[in-house]
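Derivation of every value follows stated rules applied to the coordinates shown; laboratory data play no part. Keep in mind the model is a prediction, meaning the values are calculated, not measured. Every residue, glycine as well, gets a Cβ built from its backbone with ideal geometry; the counts of neighbours run over all protein chains shown.
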Amino acid sequence: MLISLSDLLVFASLLLGVLVAGQLVLLGNSQHESGLGPLALAGALTGLTALLAALGMAPLAVAAWVFAESLFNVALRRHLLKTPHWAPAVGCALLAFLLGAAWQKVFGNEIPVMLAAALAIVPLAVLRLQLLRQPFAEERAGGPRLVMATVCSLHAAYWLAILFFWAFGQPGWWGGAEALVLECVLFGLFQSLLWPQLVAQKLRGRLARLARYDVLTWALNRRGFEEVCLRELRRARKHERSLGLLLVDIDRMHAINSRYGHAGGDHVLRTCAAALRSHLRPEDSLGRIGGDSFCILAPHRNEAELQTLLAELREALTTIVSDYDDIAIRVSAGVSMAMYPNDGVDFPVLYGQAQSRLRPATDGPASGFMVARG
């Protein structure tokens, strides 16, 4: 007995649906990242879609798939650390099921079911493409996201073609219920292959960020700052531009830590980092290169602009007050500057010159901090 093409497509859809469900459920249970819970549920619904199609329950299969499509969007929003929208997930699935079931009962064919599915899926696919265009701090727009955007574009184009042909005519076998379910399951298969790459890329970006940034102040750490300095010095040498290196040293941090504990000292450091960052341009770089020392790299500034920035920072640091546990801690700091190429051509020399010019902000035993209890 020969197996028909329809039976072969249903069997392939069921097999691929089981594989997709298993892959996404395992991914959701093995990692504790945002978005993987809805993604695992979407994978389970993909397998359910194939099973319902194999049993001939077209309206239920369409509703399950539309729900899975919506959950893919919810998972992507959570992956991007955005608030998920559950209303489309429930509303589109319920609308597709009700329209498909009612129209199929009235007309007795599969055309209304396919139209209902297309009308529900096309807006969800467009929304997913918009989400894939949004930037994310812990992930670069690399290969996995570009491939997923390409797959989503092809997926949306397929459903647009289905919508057009079922509305104005009748497509071939590729527009039937079995072929549509196979396409949905294939799309789910691509999701199951690409999502582990997205999660891995996110984790790699997070590790790279932690390796280059100070987690207390979110300024660059010593390693990250030296990497930025090396890159900017190469650019300055290539384009024959000036570059300034400013050193900021917080006075008497040891006394602050001794009196208020390390939590109080950490609060002072965060306050100082925020104050310094408020005076910088987007192209400037702030780094914490020691326990109480910050460095600022200011490219594309001439000597007059660097002297102005130095004066602004010196004035700002004399007025910093860190409010910690109902206590106002007034902080002072010394500021100095070295300039490329006048004072050196590499980071160690520039840093040494800035250190040699560093002086405390004021003299006297009380210059490091003043306390006002609230």
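For a test of the definition: using alpha carbon positions, the gyration tensor, and the 1.5 limit on a/c, classify segment 263-332 as rounded, prolate or oblate. Don't skip to the end; give the middle numbers.
Values: a/c = 2.74, a/b = 1.87, b/c = 1.47.
Here segment 263-332 falls in the prolate category.
Stretching the chain fully between A263 and S30 yields a gain of 80.4 nm (0.36 nm per residue, less the alpha carbon separation).
Does segment 194-313 classify as rounded, prolate or oblate by the C-alpha gyration tensor (a ≥ b ≥ c root eigenvalues; a/c under 1.5 gives rounded; else a/b over b/c gives prolate, otherwise oblate)? Write down the numbers at each step before the final one.
Numbers: a/c = 2.38, a/b = 1.02, b/c = 2.33.
Because a/c hits 1.5 or more and a/b fails to exceed b/c, segment 194-313 counts as oblate.
What FRET efficiency do you get for E315 and A157 if R0 is 56 Å and r is their Cβ-Cβ distance, rounded to the nearest 0.05? About 0.40, to the nearest 0.05. Would you mind getting me the FRET efficiency between R359 and L216? Use the beta-carbon distance for r and R0 = 25 Å, nearest 0.05. With R0 = 25 Å, the Cβ-Cβ based efficiency is 0.45.
Quick one: grab the alpha carbon gyration tensor of segment 11-70, order the square roots of its eigenvalues as a ≥ b ≥ c, and give me rounded if a/c is under 1.5, else prolate or oblate depending on whether a/b is larger than b/c.
Oblate is the answer for segment 11-70, as a/c is 1.5 or above yet b/c matches or exceeds a/b.
Taking label positions 7 Å along the Cα-Cβ direction at both A12 and S278, the computed distance is 6.3 nm, reported to one decimal.
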